[in-house]
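Asks: For reference, the structure I am asking about is given below.
The values are calculated or read from the model by the stated rules, or taken from the named source; none is laboratory data. Note that this is a predicted model, so its numbers are computed, not measured. Glycine gets a Cβ as well: all are built from the backbone with ideal geometry, and neighbour counts include every protein chain shown.
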Amino acid sequence: MSEKSPVYILKVDGSAEYLEDRNVTLKEAQDAVGGPVEPVYLPKGQLMLADEEGLLKSKTVNTVASLLANRPIVGDVIIMPTEYFD
C-alpha cells in the first residue's frame, strides 16, 4: 500500500509550507492562493490549485509549479492528492 502525499503550499520564492495530510476546503484553498482556485491535474493522482485570476492580478511566475504543471503558473499554489479536495 502506498503512502499518501503531503498537502503543502508551494510559494513563488520556491519555499514550501506543509499543511497536513487532510482534506482542504474551498475556502482554505482560496485563502492560500489568494483568489478563486483553478485545478491543475498532475501525474500520479496529484492536484495543484492555483489562483484562477493570477495572470490578471500580475502575480509572479511560480517557477517550480510551472515546471510541475508543464505550463506557466503564477502565484502560490497548493499541491495535494486529488482526493483531499472537498
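Asks: Is one or more of the residues making up segment 66-85 surrounded by fewer than 16 Cβ atoms within 10 Å (Cβ to Cβ), modelled with pLDDT under 95, touching a helix residue (DSSP H, G or I) at 6+ places or on another chain (Cβ under 7 Å) and polar (S, T, N, Q)?
Replies: no
Asks: Pairs, please: C-beta under 8 Å, at least 6 apart or cross-chain, first residue at pLDDT below 90 and in segment 20-36, second among the charged types (D, E, K, R)?
Replies: Partner pairs satisfying both residue conditions: Asp21/Lys4; Asn23/Asp86; Val24/Asp86; Thr25/Asp86.
Asks: Which of the residues that make up segment 22-35 are closer than 19 Å to Thr82 by Cβ and either surrounded by 14 or more Cβ atoms within 10 Å (Cβ to Cβ) or in contact with a Ser or Thr (Cβ under 7 Å, 6 or more places away or on another chain) (or both)?
Replies: Val24, Glu28, Ala29, Gln30, Ala32, Val33
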